Amino acid sequence: MDNNQPIIVKRVKKVVGGHHGGAWKIAFADFATAMMAFFLVLWLMSSATPEQKRVISGYFQDPIGFSESASPYVIDLGGTPTPSPDKTINPQIQEEPQDEILPDKADEALQAEKLAEQLAEQVDRERLELLLKELQVKVDENPELKDFRDQIHFEITQDGLRIQITDADNRPMFDLGSAQLQPYFEDILLIMADTIKAVPNKISISGHTDAKPFAGRNGVGNWELSASRANAARRTLEAGGYPEDQVARVVGYASSSLFDRDDPMNPVNRRIDIIVLTKKAQSAMEGNGEGAPSDGDSDAPASDAQPAAPGAGDNAAPAPAGAQRDPAAPVTSMPASAVQKQANVFEAGVLKFDQTRQ
């Protein structure tokens, strides 16, 4: 008998590894977008000003106050948004916002000029400090200067580097009552000239005496004596190679600015001061003439430098003990040519110097 029952064959497909679909890609894309937005917010908050942060906080606390303001944006590239005072309920922004004051070009130019001046003064001071160290090393190591280091004093003042060379009772710099240099003082100036001329700063030279009265021929006194001694020091520096046009001023102070005010007869009051001027002091000196900065005598008390040794006085003008001068007004200031004329009147032939000596 024929069997007409159909035969059904079941075939099962085996899937290896399975299939998860693309839902994870969408989730990862959302995560990456959220992280990008998060770091963008962090960056914006770190670069926002305190005023912008305050306005942002006010916006989220009171959005209505910003809806009808001059600017509908929390941070507007055109300016800081101004909340509506009658709409806002945030007490932190009830006060009227301050308009940002932008510096004009004149203010920017003034600030740039001040910054340039400050940088120039810093460079100038660093240059003088290096010169001070170099001179100190030369005095300590040079056999010709080592014996006289008690008579050589260095100091940084507001006007520049001050080099003071003082008398000692047994080692005067000049002949008594004269502007003729002693050989050792001459050697000191010649050695220092080679170091000082390495910097572009100009110098001021001043002569000082103690308080012992003196009167020379033709009515010449200690003013002419101190000026003549300063001028003799100038000529010695120039003989050592220092440029003549780098000398800004030659001054004679007599006994008006004592090194040791407690002892006007102390030999340290007889001295030659050489100021390596800062650019600022040089500009003030060249622009104001007699009202130029002083030689730095008022920048530090006399007790800051120890006298080399007590000794007898020199031929110098009378001055009361402890006399002080006005730093803004040098008592005697004249160009080198005028000082030279005074020197010739003071003592004929005393200031002759070998200009060819090197």
Q. For region 260-276, what are the residues that are at pLDDT below 95 and either closer than 28 Å to Ala116 by Cα or surrounded by fewer than 24 Cβ atoms within 10 Å (Cβ to Cβ) (or both)?
A. Asp260, Arg261, Asp262, Asp263, Pro264, Met265
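Just to be sure I understand, how many residues within region 162-207 are among the hydroxyl-bearing types (Ser, Thr, Tyr) and either in contact with a Leu (Cβ under 9 Å, 6 or more places away or on another chain) or outside the structural domain of Leu135 (by TED's automatic domain parsing) (or both)?
At the first step, the residues of region 162-207 found to be among the hydroxyl-bearing types (Ser, Thr, Tyr) are 166, 178, 184, 195, 204, 206.
Now restrict to residues that are either in contact with a Leu (Cβ under 9 Å, 6 or more places away or on another chain) or outside the structural domain of Leu135 (by TED's automatic domain parsing) (or both): 178, 195, 204.
Residues meeting the conditions: 3.
Could you identify the single residue in Glu129, Glu155 that is of a type in the set (Asp, Glu), surrounded by fewer than 20 Cβ atoms within 10 Å (Cβ to Cβ) and touching a Lys or Arg at 6+ places or on another chain (Cβ under 6 Å)?
Working: Glu129 fails: touching a Lys or Arg at 6+ places or on another chain (Cβ under 6 Å).
Going through Glu129, Glu155 in turn, just one is of a type in the set (Asp, Glu), surrounded by fewer than 20 Cβ atoms within 10 Å (Cβ to Cβ) and touching a Lys or Arg at 6+ places or on another chain (Cβ under 6 Å): Glu155.
The values are calculated or read from the model by the stated rules, or taken from the named source; none is laboratory data. Only a predicted model underlies this, so the values are computations on that prediction, with no experimental measurement involved. With ideal geometry, Cβ positions are generated from the backbone for all residues, glycine too; neighbour counts draw on all protein chains shown.
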